[in-house]
Each structure stands twice: as C-alpha cells, then as structure tokens.
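Worksheet: one structure, shown below.
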C-alpha cells in the first residue's frame, strides 16, 4: 500500500509545484461577486434552461460540487429534497430512495444513474472533474434508455477544450484518511482529437471500533479513474470512447452494532477478520451525427463487476456463523436515439431504441460452527448459487409542441420488455442443516415482463419569469427471482402512476429563484425488500398497494453581493395501503427508507481577495427500517462547513463534516429480537490543497 500512496503523493505534489511556478502575474483571486446564472441542463436530452423543463429537476454546478465538498451520491442527498441514500455495507451496496420509491440491494435500482449519457449500474461514483449534477424526479422512461421508475441522477463531466488543462489535489482528514486526485485534458489534434484522463486514490482506517478495543474497523482502499478519447468533425459528427474503472478493498462488510445500549461506532462485536472487494470496469462509445434539424445518437456500453465480501454474522466473540458472498455481473447495452435538433423550433421530439443483455451470477457460502453452538457436532456449510440472464428491449419517445409563447404540451410513450432466465442450486453439507430445513434443491425458472408507459405534461407561462406545469406518467420496475432466501421464488413487477403539479419562477431581477412541486404516487404490486436473519441478504415480495404523497420547495438567492443562499424542503408520506404477511397486517404503516421530512440550507460567501466560506445543514425526518415500523431512526441533522482561499492557480481549504457529531443509523436489521445498525459518518475534520493550470 505504501508504494501506491507515495506514488500518488509525488504525482500530486509535482503537479502542484508546476502550477505554482507556471502562474503568471494575473489576478490571483476569482470573481468576488456571485450571480444567479442561467442553469442549462440536458434533462430532456437537449440543452435547456432548467426553469423551462416541465418537471421537478434539481441541478448542482461543478462549482457547487467543489465548494461544498460533494464526493459521492450520499453527499448529493444533503442538498436535494426528498432524496435519501443508504449503504448496507461500504460502496458495494449503495442505493437511493426518491419520493418514497425505494431502492434494493438485489433488484433493479429505482433511481437511474448516468455519467455522460451512459447508464451506470454502480452508484458509487466519485465526483471529480464534474460540470454539473442533474437530479430528475419521476419516471424517465420516455427519454432514457434504461427504464428509471423513480427518477434519474445524471452526471455531466467537464469536456476537454482546445487548450491543455489539468488539476491535482491532496486531502488529509480524520481517521487517517488520505486522498489524492488528478486530471488532465487537451487536444491531440487541434479541433479534431482530444484526450482526457482522471484518477483518484483514497484510503482510510475507518471510524468503527470493536468491543475488544480494535479501532481500525472499516479500513478501505479505493482507486478509480476514467480515460476518454474524443473526436469531432465540424459540427456534424462527434464520438467519445471512454474507459472507467473502480477498485475497492476493505475489511468487514458492514460493521453493524446494536442500535441501543451504546455507540454503534464503538460496539462492533466480531471474532474474525472480514474482507470486501469490488472491481468494476466500463467501456463505452458514444457517437453523435447531426444532419440539418435531425440528430442521431448512439450509446454502446459494456460493464463488468466482480465483488465479494466475507463477514462474521453472529455478532458475538464466538465463531458461530459467517458468510461469504460473491457477485459477478456482466452487462452490455445499446441505445439509439433519433431526435430533433432545432432549439428555436415549435416542435421538439425524440425516438429511441434500447437493447440489454446481462448476466448476474451470485454465490453464497454460509458457515455454521455447531460445535461452538453447544451442539456437539462439527461445523457445516450451506452453498447457494444462482444465475440470472436478462434480455431487454425497449422503444420510447416523446414530442413537445409550443402553442404560441405561453402553452407547451408534451406527450410520450415507452414499451419495456425484459425476459429473465433464472437457474439455482442449494447444497448443504453434513446432517444438521437438512434437519433445519436446508435440503438440496435445484431448478430453473423463466419469466417475461412488459409494460406500456405513457406520459403527458402541460406547461403554461404566465410571464417570462413565472410558469406552472402539470404531468402524469406511469412507472414500472420488472419482476424477478430470489436467489438466496426463499430461493427460486418469484416476485411480480411493480407499477406506479405519478401525478405532479409544479411552479417555477424568478424574482427580484433574477436574484431569487423559487421552485415548488406537489406529487402523488399510486403503487400496484409494490416490491418490498425483507432482510434475512443475518442482514447480509434480502429477499423480495410484493405488497398489494401503496401510495406516496408529498411536496418539495427549492430556493436559491443572492441577497448580498458575494453571498449565495440555497435552501430546500421536502415532505413525503409513503405508506402501505394493502400489505399482509402471514398473520401480520402492515397496511397503514410507513414505507421503509423514506424520511417523512427532508430539508437543507446552504450559504456560500466570497469575502474578496480569494477568501471564501460556506456551510450546509441537512435535516432528515424519522425513517423506519421494517414494514412493521417496529424500529426507527429518529430525525437528525448534519452540519458541514468549509473555509479557504482560491487563487488563479491553487486552492487551500479547511473543512468539517458532521460538525455536531450526530450519531445515526443508515441501515438496520433484526436478529433474534435484537436490532443492529450501521452508523453514519461521525465528525470529520480535514485540510486540502489543490492546483490547476
């Protein structure tokens, strides 16, 4: 590990030195006055002012990402109403809940994740060299290739220009956390061929402690990078070939501790070392050809993910139960889009075709030491293997027409079909496991799931700075099969109808932006995630009906020269309307992983001379961990702050996350009537230096 750390440090230090010596006598300070600039997003697959998009869209600029220190999807949650991100373990199992529509460890994500127009199955992408982050709420099947039931998070990275540019940084913070990152881009052939490379290395000792005093649980090492080659031929044709990778290595998978009776951070009770790794690679090719008022876009992508975790799951100092899990996922997708390319036209349209081929292999190996359980027999193990092959095809499109200068109507339709072939086998060793109900089984299943997904929206402009909109759309998430608990059982697709009414406005000579939306979601056959006894695996089942009703407000303002304020608030009441499980009736209970309230407030101030400061406070209301609503995370808030200096060539800053040291659980499950939770990040203090040319 030391050689890698040293190599990255030398590279970053060298680049920082180069930046310092190459600085000219120009003004070292950036502009002292902030303005509420026009925010252009590509949420509708074309560049458009965010206030013109007839749906709830949030946007974070690259400057905001850097200034507020946003690193991962979990940080985006702190600045976006009605978005909630959880992690069962480290980066292997990150998923998002939006407006009450939950994610899952083992099912298709409800929130689609895109980087530069390419769908990413892995939600743990570091935010470095970002142009902007767009958060789209509601079904997006009529615009995006892979179906997205709850919404889309779209990351747009900075594109290379006709001049060479680069950045590098070093970051040191609490728990022996160390990070270096660097990027460089520029032309190989002027106006024709461009390259870009970005890489990051990070390691930490972790913030968990065991009951026996071991204080470096949660130790991880992360490496990721992206390399791109871009080609342009005038304004007619462009192509981008990209390769990205992530490497993650850690110790214990999740570091759960009892929710009650002490700090979750310091009460981990395990007897053996664990191991976790995740290797992810993606190769993509995006091509774009324009002919007059029509544009053709092709996106081809292949991804490979190999992950494994070993974990002690009995939560005692005695070696009784442990589990090894391996997952291999290979995915190929092809998307074609034909669309209008006339920004001033009354009619804008898009039509697309999406193809998917995916293989998902999973292997579970559970070890049970019956001798240590007092049963007087040797240990045994249970092997469970499964393979799911998914073949998908979708056709989609939408068209919008402007009637005069005030009214715009948009209609869209998608047909989505997925065929899933599932094979599985279970093999116990010894004689005790079969007596416990774990016999030898094997089998195969096959299902095809399909749905028509319409969308309709109407936008009306009262003035140039005030408009309202209404929309209705249908969402869909395909069904599947359980690969561990209840092995071989199936669950049905879930369907939603989404209704939204919103307002977008600017006031005080565009010094104040105010956006608001109310929504209602009706579910049919809602997919529910149930944790197994170990908490390391889940199975899916369907609740008959559910609904979610809520609202959200977002405000950005420049009340003083140099001061920008951002605030947001969200309310989501998501409940099971008809859900029974055996003798239990969960009808009327709140949906898991969905806070009742979310809120955020941020302020950034430029003092002049390059000095600046910012702070952000995020609040999350009560969250339930199970459909019975028997255990909850009470409301909590997280305060972050940063102060620093930004020159024309280099930056230096001091920051703190969770400054109030709030302790909260990001995930929890029950074992033998005891609830175990995984603690969120505690107080972190850090210092960083960065440079650019």
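Data overview
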| read-out | value |
| --- | --- |
| Residue match in segment 665-681 (condition: free of Cβ contacts under 8 Å to residues at least 40 places away in the same chain, within 15 Å of residue 595 (Cα to Cα) and part of a loop (DSSP other than H, G, I, E, B)) | no |
| Residue in segment 44-63 that is modelled with pLDDT under 85 and buried (at least 21 other Cβ atoms within 10 Å of the Cβ) present | yes |
| Residue tally, condition under 24 Å from residue 149 (Cβ atoms) and either buried (at least 17 other Cβ atoms within 10 Å of the Cβ) or in contact (Cβ under 8 Å) with a residue 40 or more places away in the chain (or both), over segment 410-423 | 9 |
| Among the residues listed as 354, 332, the single one being surrounded by fewer than 16 Cβ atoms within 10 Å (Cβ to Cβ) and under 30 Å from residue 474 (Cβ atoms) | 332 |
| Hits in segment 64-95 (condition: more than 14 Å from the chain's Cα centre (by Cα) and at pLDDT 90 or above) | 81 |
| Residue among 490, 478 that alone is modelled with pLDDT under 95 and crowded, with 23+ Cβ neighbours inside 10 Å | 478 |
| Exclusive hit being under 25 Å from the mean Cα position of the chain (by Cα), assigned to a loop (DSSP other than H, G, I, E, B) and either closer than 23 Å to residue 507 by Cβ or in contact (Cβ under 8 Å) with a residue 60 or more places away in the chain (or both), set 594, 556 | 594 |
| Pairs with Cβ under 6 Å, 6+ apart, first in segment 50-68 and at positive phi and part of a loop (DSSP other than H, G, I, E, B), second at pLDDT below 85 and buried (at least 19 other Cβ atoms within 10 Å of the Cβ) | none |
| Residue under evaluation residue 582, criteria (1) over 30 Å from residue 561 (Cβ atoms); (2) buried (at least 16 other Cβ atoms within 10 Å of the Cβ), criterion not met | (2) |
| Odd one out for residue 587 among (1) touching a residue at least 12 places away in the same chain (Cβ under 8 Å); (2) under 30 Å from residue 449 (Cα atoms); (3) part of a loop (DSSP other than H, G, I, E, B) | (1) |
| Among residues of segment 46-84, those that are in contact with a helix residue (DSSP H, G or I) (Cβ under 9 Å, 6 or more places away or on another chain) and closer than 21 Å to residue 498 by Cα, counted | 4 |
| Residue match in segment 424-438 (condition: crowded, with 19+ Cβ neighbours inside 10 Å, over 22 Å from residue 496 (Cα atoms) and under 35 Å from the mean Cα position of the chain (by Cα)) | yes |
| Boolean, residue 242 is modelled with pLDDT of 90 or more, buried (at least 20 other Cβ atoms within 10 Å of the Cβ) and more than 22 Å from residue 85 (Cβ to Cβ) | yes |
| Unique match (being over 20 Å from residue 278 (Cα atoms), free of Cβ contacts under 8 Å to residues at least 12 places away in the same chain and surrounded by fewer than 22 Cβ atoms within 10 Å (Cβ to Cβ)) among 211, 189, 156, 130 | 189 |
| Odd one out for residue 611 among (1) more than 23 Å from the chain's Cα centre (by Cα); (2) under 16 Å from residue 665 (Cα atoms) | (2) |
| Test: residue 567 is part of a strand (DSSP E or B), surrounded by fewer than 20 Cβ atoms within 10 Å (Cβ to Cβ) and free of Cβ contacts under 8 Å to residues at least 60 places away in the same chain | yes |
| Within segment 650-687, considering residues that are closer than 19 Å to residue 129 by Cα and surrounded by 19 or more Cβ atoms within 10 Å (Cβ to Cβ), the one farthest from the chain's Cα centre (by Cα) | 650 |
| Residue match in segment 128-147 (condition: touching a helix residue (DSSP H, G or I) at 6+ places or on another chain (Cβ under 7 Å) and either more than 30 Å from residue 681 (Cβ to Cβ) or at pLDDT below 85 (or both)) | no |
| Residue check for residue 203: at pLDDT 90 or above and touching a helix residue (DSSP H, G or I) at 6+ places or on another chain (Cβ under 8 Å) | yes |
| Filter result for residue 6 (surrounded by fewer than 18 Cβ atoms within 10 Å (Cβ to Cβ), over 30 Å from residue 290 (Cα atoms) and at pLDDT 80 or above) | no |
| Residue in segment 616-631 that is under 30 Å from residue 648 (Cα atoms), over 22 Å from the mean Cα position of the chain (by Cα) and touching a residue at least 12 places away in the same chain (Cβ under 8 Å) present | no |
| Residue within segment 441-464 that is outside any strand (DSSP E or B), surrounded by 15 or more Cβ atoms within 10 Å (Cβ to Cβ) and in contact (Cβ under 8 Å) with a residue 12 or more places away in the chain present | no |
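Residue by residue, here is whether (1) farther than 17 Å from residue 552 by Cβ; (2) in contact with a helix residue (DSSP H, G or I) (Cβ under 9 Å, 6 or more places away or on another chain); (3) at pLDDT 95 or above; (4) not in a strand (DSSP E or B) holds:
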| position | (1), (2), (3), (4) |
| --- | --- |
| 497 | yes, no, yes, no |
| 506 | yes, yes, no, no |
| 513 | no, yes, no, no |
| 517 | no, no, yes, no |
| 527 | yes, no, no, no |
| 536 | yes, no, no, yes |
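Here is a yes/no grid of residues against (1) buried (at least 19 other Cβ atoms within 10 Å of the Cβ); (2) farther than 24 Å from residue 589 by Cβ; (3) touching a residue at least 24 places away in the same chain (Cβ under 8 Å):
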| site | (1), (2), (3) |
| --- | --- |
| 494 | yes, no, yes |
| 501 | no, yes, yes |
| 509 | no, yes, no |
| 515 | yes, yes, yes |
| 526 | yes, no, yes |
| 540 | yes, no, yes |
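Here is a yes/no grid of residues against (1) over 22 Å from residue 221 (Cβ atoms); (2) not in a loop (DSSP other than H, G, I, E, B):
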{"site": "155", "(1), (2)": "yes, yes"}
{"site": "162", "(1), (2)": "yes, no"}
{"site": "170", "(1), (2)": "no, yes"}
{"site": "178", "(1), (2)": "no, yes"}
{"site": "181", "(1), (2)": "no, yes"}
{"site": "186", "(1), (2)": "yes, yes"}
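The values are calculated or read from the model by the stated rules, or taken from the named source; none is laboratory data. As the structure is a prediction and not an experimental result, all values here were calculated from the model. Because the Cβ atoms are built from the backbone with ideal geometry, glycine has one as well, and the counts that use them run over all protein chains shown.
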